[in-house]
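S.K.: Let me give you the structure first, and then I'll get to my questions.
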Amino acid sequence: MEAPLEEIEFLARSTNRVEVLQLLASGPRTRRDLAAATGASQATLGRILEDFAERSWVARQGSEYVATATGELVADGVEELVSVLETEAKLRDVVAFLPTAELGFDLRRLADATVTVPSRTRPSAPLQRVLDAMEDATTLRAFSHTLNEQSLATARDRVAAGTQTFEAVLSTDAIEALAGDDALWRQLRALAESDDAEIRVRREPLPLAVTVADGTVYLLVRDEGGILRASLHTDDPAVREWADETFSGYWEAAESFDPTAFEE
């Protein structure tokens with residue numbers, strides 16, 4: 001019997017093998033069907049099917065081939081491994097900055113996430129991605145250790161226009177940073193005074209910068225120096241559930257925003 005790693009190597013050496021096994025796991029196929037789907041020659045398909053039959057991964061039913069129960073098991077495992085590796089590749093350049101200890105969901109839930117990183121031509125691309133979402137959203141929730149000028153202006157304008165509701169839990173550091181700039185402080189106070197906005201303050205450190213815009217979760221990722229490294233956004237239900245629960249926990253434990261407490 002082949003060792004598991006040798007079997008993985010056997011499959012990995014040929015994309016045709018993986019594709020054929022996945023096709024057969026989804027239903028019976030003739031060799032002509034497999035050739036049309038994969039572009040492999042009949043000779044190649046013959047070798048693949050023979051190898052699979054020796055491993056009891058496929059069985060022949062008349063003119064068709066179908067995956068056995070163990071063949072389906074292997075096909076599912078390969079698909080999961082491919083998905084994991086695709087997700088890893090997507091996160092590889094930003095994982096060093098991800099607050100993984102604070103993310104209460106399996107990283108595999110980020111398989112369909114969009115990762116936006118700065119470039120020479122678009123250094124603000126991660127932030128702009130979030131700003132675009134804020135501009136279009138009708139409901140906005142956020143919990144963050146920072147609130148930048150652009151995000152504040154966007155929320156203020158949308159709320160003032162009556163086209164958005166805004167709820168946020170901000171860290172004390174975020175509030176104090178805004179209080180140090182007269183123009184930004186006026187904007188924050190105007191936003192907080194609106195009937196469609198409410199801001200609460202968390203006295204303890206807040207390790208995340210998360211925005212939920214109409215159900216889509218946006219996560220801003222910064223390095224230890226505070227430099228923005230990426231934004232990630234996803235509609236995954238498990239990530240959305242985590243974001244909603246985390247927001248609710250912070251919200252219930254936070255204090256109402258009192259501007260006078262920061263103007264002494």
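S.K.: Considering the values (i) 122; (ii) 181; (iii) 147, which represents volume of the Cα convex hull per residue in Å³ as calculated for the structure under consideration?
M.R.: Label (ii) holds the value from this structure.
S.K.: Quick one: Cα convex hull volume of region 1-158, Å³ per residue?
M.R.: Residue-normalised Cα hull volume stands at 204 Å³.
S.K.: Now, a different point. Would you mind calculating the gained length between Ala153 and Thr100 on full extension (0.36 nm times residue separation, minus the Cα-Cα distance), in nm to one decimal?
M.R.: Stretched out fully, the Ala153 to Thr100 stretch lengthens by 16.1 nm.
S.K.: Evaluate the charge dipole of region 4-87 about its Cα centre and quote only its size in Debye, nearest 20, assuming +1 on the Cβ of each Lys and Arg and -1 on the Cβ of each Asp and Glu.
M.R.: Computed about the Cα centre, the dipole is about 440 debye.
S.K.: So if I place +1 on the C-beta of Lys and Arg and -1 on the C-beta of Asp and Glu, and nothing else carries charge, what would the dipole magnitude of region 3-147 be about its Cα centre? I want it in debye, nearest 20.
M.R.: 380
S.K.: Rounding to the nearest 10 and keeping the result within 0 to 90°, find how far the Cα-based axis of helix 125-136 lies from the longest principal axis of the chain.
M.R.: 70
S.K.: Which net charge results when you count Lys and Arg as +1 and Asp and Glu as -1 among the other residues whose beta-carbon is under 11 Å from that of Arg158?
M.R.: Once positives and negatives cancel, what remains is -3.
S.K.: I want to verify a result. In a Gaussian network model of the chain, Cα cutoff 10 Å, which of these has the top mean-square fluctuation: Gln61, Gln150, Gln128?
M.R.: The residue with the greatest mean-square fluctuation here is Gln61.
S.K.: Right, something else. Can you tell me the relative contact order of the chain? Whole percent, Cα pairs under 8 Å, sequence separation 6 or more.
M.R.: So the answer I get is 17 percent.
S.K.: Ser41 to Asp93: extension gain in nm, 0.36 nm per residue of separation minus the Cα-Cα distance?
M.R.: On the way: separation 52, 0.36 × 52 = 18.72 nm, distance 3.83 nm.
Answer, rounded to one decimal: 14.9 nm.
S.K.: Using +1 on the beta carbon of Lys and Arg, -1 on that of Asp and Glu, and nothing else charged, what's the dipole of the chain about the Cα centre, debye to 20? Before the final figure, lay out the partial values.
M.R.: Numbers: 26 positive and 48 negative charges, 232 e Å.
Magnitude of the dipole: close to 1120 debye.
S.K.: Of the options Pro259, Pro126, Ala192, report the single residue whose Cα projects farthest towards the positive end of the charge dipole of the chain (beta-carbon charges: Lys, Arg +1; Asp, Glu -1).
M.R.: The Cα lying farthest towards the positive end belongs to Pro126.
S.K.: Here is a further query. Give the angle, between 0 and 90 degrees and rounded to the nearest 10, that separates the Cα long axis of helix 182-192 from the longest principal axis of the Cα atoms of the chain.
M.R.: 70
S.K.: Quick check: the angle from helix 237-253's long axis to the longest principal axis of the chain, C-alpha only, nearest 10 degrees?
M.R.: 30
S.K.: Using +1 at the Cβ of each Lys and Arg and -1 at the Cβ of each Asp and Glu in the chain, identify which of Leu107, Ser151, Leu170 lies farthest towards the dipole's positive end.
M.R.: Checking the options against the dipole of the chain, the answer is Leu107.
S.K.: Per the helix-only calculation at 222 nm, which mean residue ellipticity applies to the chain, given -39500 (n - 2.57) for every DSSP H run of n ≥ 4 and division by its residues, nearest 500 deg cm²/dmol?
M.R.: Here the helix-only value at 222 nm equals -15000 deg cm²/dmol.
Taken together, the values in this text are just the output of simple stated rules run on the coordinates, not laboratory data. Just so it is clear, the structure is predicted and the values come from calculations on it, not from any experiment. Note: ideal-geometry Cβ built from the backbone for every residue, glycine included; neighbour counts use all protein chains shown.
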